[in-house]
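Encoded as structure tokens, the structure appears first; notes follow it.
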Amino acid sequence: MLKPIRLSDLRQMPQQTQELEFKQFFQGFDSLTPVEGYLQVSHRGHFLEVSGRARTIVTLTCHRCLQQFNHRLNVEFEEIILIREPSPDPLPLELELKDEDLLESLPPGGELDVEDWIYQHLHLEMPRQFPCRPDCRGIRVETPEPLVDPRWAALASLAVRLQQSPRKDSP
Ligand SMILES: [Zn+2]
């Protein structure tokens with residue numbers, strides 16, 4: 001279990017930074033091996049800087065041939081989380097939306113739920129459409145006979161027979 005990091009605790013730490021390592025399964029995230037990695041969380045005054053790395057093995061389903069296969073997942077984390085009080089009033093409509101409005105934010109007295117944060121980012125990094133191997137040719141489907149007028153079909157099969165060996169095998 002990874003404990004949430006309180007921002008007030010983080011401010012007391014050397015360089016306002018906490019590093020942690022983990023090797024565990026995450027509930028709701030299916031992996032064959034424990035997710036192994038590290039995370040570094042730094043308090044930079046007005047924002048948190050979260051970075052790290054994780055790796056594990058997951059089972060994916062090939063989107064071409066639908067077979068399951070194991071895939072090594074290597075994830076690099078990097079995110080800026082703004083530290084600010086949630087604004088009680090909605091922004092005036094005439095106010096231009098700035099980039100920072102799109103970022104996640106935490107209140108100064110809040111905490112970063114590390115376990116949930118990693119869980120969310122693992123999900124974001126899961127490949128959606130991935131072939132079992134680069135040259136997977138997918139499911140081989142028998143090409144259905146094209147629909148043709150039966151009269152033309154009779155002629156076509158006759159033509160095929162004429163092109164093949166002149167000797168016929170049928171009795
Ligand atoms: Zn495949």
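The values are calculated or read from the model by the stated rules, or taken from the named source; none is laboratory data. All figures in this text were calculated on a predicted structure; none of them were measured in a lab. As a convention, Cβ positions derive from the backbone with ideal geometry for all residues, glycine included, and neighbour counts pool all protein chains shown. Only protein heavy atoms, including side chains, enter the accessible area calculation; ligands, DNA and RNA are left aside. Shrake-Rupley method; radii C 1.70, N 1.55, O 1.52, S 1.80 Å.
Brief remarks follow.
- Every residue from the range 37-83 that is more than 15 Å from the chain's Cα centre (by Cα), within 16 Å of the ligand (Cβ to nearest atom) and either assigned to a strand (DSSP E or B) or without any contact (Cβ under 8 Å) to a residue 12 or more places away in the chain (or both): Gln68, Phe69
- Scope the range 6-30; condition within 19 Å of Val75 (Cβ to Cβ) and open to solvent by less than 20 Å² (accessible area, probe 1.4 Å); matching residues: Phe22, Phe26, Phe29
- Of the candidates Glu94, Glu125, the single residue that is modelled with pLDDT under 95, exposed (fewer than 10 other Cβ atoms within 10 Å of the Cβ) and of a type in the set (D, E, K, R) is Glu94.
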